[in-house]
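Data first, discussion second: the structure below is written as structure tokens.
No value in this document is a laboratory result; all are computed from the given coordinates. Small disclaimer: the values here were computed from a predicted structure and weren't measured. Glycine also receives a Cβ, built like all others from the backbone with ideal geometry; neighbour counts cover every protein chain displayed.
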Amino acid sequence: MSDEENPQPASSSPGTAAVGDHSSKSSRIERHRRAHGYTSARVSLKERLSHFTWSWFECTMSTGAIATLLGQQPYTFNGLVAVGKVFFVLDLALFVLFSALITARFLMHPSALKTSLHHPHEGHSHVSIYAFHELLLEALSYDIVTTYHGHHQSFFFGTFWVSLALILYEIQEYGVPATGPWLVRALEVLFWLYAACALLVVIFQYHVILDEEELPVRDCMPAWILPAYPFLVLGPLAAVLEYSQPQPAAMPILIGGLVFEGLGWSVAFIMYTVYFTRLINSKLPFESKRPGMFVAVGPAGYASTTLASRGMQAPIVIPPNYLGITSVPTGDLWKAFAVPAAMFVWLLGFWFFALATVSCLKGARAMHFTLNRWAFIFPNVGLTIGAISIANAIDSSGIKGLCSGLSVLLVAAWFIVAVFNIRGVWTREVLWPGVNEDIEDLEGWVMDGKERQD
């Protein structure tokens with residue numbers, strides 16, 4: 001067996017260790033490529049495209065979230081709307097680009113679509129016995145199990161749908177004021193159409209995952225919530241749509257938004273229990289996966305946004321004698337309950353934010369770039385918008401000022417993560433054979449026993 005097939009331990013000297021680390025990484029990548037049938041020395045653009053996964057839509061989630069955040073600032077200045085529109089256009093462009101890229105991947109490797117919708121722990125059947133043995137040896141020798149375990153790509157299918165919901169959110173914020181009533185009517189139709197699609201996703205994707213896989217609790221991450229995340233965003237989306245909808249359309253949207261948010265929050269709360277059980281019984285996630293802990297912040301943030309904004313809209317949208325209550329205006333009653341409930345829920349999101357922040361700071365030195373870094377943005381935007389909604393409800397200038405400062409930090413964080421993302425593509429930390437987001441995507445684009453020449 002050659003040295004490449006049987007790598008030797010690295011020397012203890014610093015210079016030799018560096019060479020050994022580079023050699024082991026190269027060996028792992030080559031074996032990963034052979035397992036997938038690629039034999040050419042050069043990694044082509046087509047091969048890199050084969051590693052494009054649903055995780056990339058975390059970028060569009062974050063970009064759309066920043067656009068919605070800028071459109072709801074308690075304190076504004078000249079040009080803020082223009083900045084928000086820039087993020088809106090950028091989000092649209094990225095969403096179209098990413099949709100085209102992942103469609104191209106599925107057209108090149110049709111079986112990858114099915115594979116991407118459930119966690120492929122059992123997916124080695126399409127890989128040769130030799131290739132699987134080689135990959136297993138590499139996992140044991142070079143600890144690539146740290147990227148293999150706990151990164152369940154199938155759950156990230158939800159990021160595509162959340163990105164779509166945020167685009168509708170942005171159209172309401174930036175498009176409706178500049179257009180006619182036709183767009184208001186179109187958004188009403190799109191809201192209900194999107195809700196129907198999201199319901200199918202949350203039912204059938206969880207069914208496929210639960211039917212196809214056995215997921216150990218020790219691997220649980222907040223990303224398990226992502227198939228239900230579209231419903232968490234539907235609540236705030238319904239709240240902003242109500243501002244421009246006529247009363248006959250606004251009332252069903254109010255009820256629908258509340259019900260949909262309830263489903264998203266209930267599923268998230270169940271997953272909170274599983275996730276916290278994992279944290280108690282196992283160690284924290286590996287350092288490079290810890291940004292994903294921020295995903296747990298989003299459900300409480302978006303739920304508090306829904307409750308507070310819905311409460312503020314209730315006296316306008318809900319008829320005074322709704323539900324047969326005549327002693328007090330029903331809308332005022334809803335507001336009196338919804339705003340305190342928003343405060344109650346919001347603090348849970350902050351606790352998850354603090355826990356994730358401390359964990360990331362502790363492991364910062366050992367982190368390398370993964371697409372999980374985008375979780376620094378979109379869940380925390382939900383928490384910030386929730387705080388803005390509460391501040392507007394209680395008219396707190398202090399909380400409004402704090403939210404403005406947090407918004408500046410989130411915009412800065414978006415640029416930092418974007419730079420690291422571009423650098424990660426350039427330095428082959430993502431979109432490259434055998435690394436990060438596609439390490440478990442083995443059988444989805446492997447042809448049985450056949451080799452490709454690019």
When only C-alpha pairs under 8 Å and at least 6 residues apart count, what is the relative contact order of segment 239-391, in percent? 35 percent
Whole-Hz ³J(HN,Hα) for each residue in segment 359-366, computed from phi via Karplus 6.51 cos²θ - 1.76 cosθ + 1.60 with θ = phi - 60°, x for glycine and proline: what do you get? 5, 5, 5, 5, x, 4, 5, 9
Between Trp426 and Val96, what is the label-point separation in nm under the 7 Å Cα-to-beta-carbon projection? 2.6 nm
If each residue of separation counts as 0.36 nm, what is the full-extension length gain between Met108 and Arg365 once their alpha-carbon separation is subtracted? 88.7 nm
Just name one of Pro319, Leu383, Ser396: the one whose Cα is farthest towards the positive end of the charge dipole of segment 319-445 (beta-carbon charges, Lys/Arg +1, Asp/Glu -1). Ser396
Distance between the C-alpha centers of segment 161-226 and segment 359-424? Whole Å please. 21 Å
Holding the Cα-Cα limit at 29 Å, pick out from Lys289/Lys400; Lys114/Lys289; Lys46/Lys283; Lys283/Lys400; Lys85/Lys400 the pairs that are longer than that. Lys289/Lys400; Lys46/Lys283; Lys283/Lys400
Test of understanding: ordering Asp219, Asp332 by Cβ neighbours within 10 Å, fewest first, what list do you get? Asp332, Asp219
Can you compute the modelled spin-label distance between Glu212 and Phe350, with each label point 7 Å from Cα toward Cβ, in nm? 4.1 nm
Between Ile255 and Val81, what is the label-point separation in nm under the 7 Å Cα-to-beta-carbon projection? 3.4 nm
Applying 1/(1 + (r/R0)^6) with R0 = 35 Å to the Cβ-Cβ distance of Ala196 and Arg42, what FRET efficiency is obtained, to the nearest 0.05? 0.15
Residues Leu254, Leu323, sorted so that the one with the fewest Cβ neighbours within 10 Å comes first: Leu323, Leu254
By Cβ neighbour count within 10 Å, fewest first, Met367, Met293, Met271 rank Met367, Met271, Met293
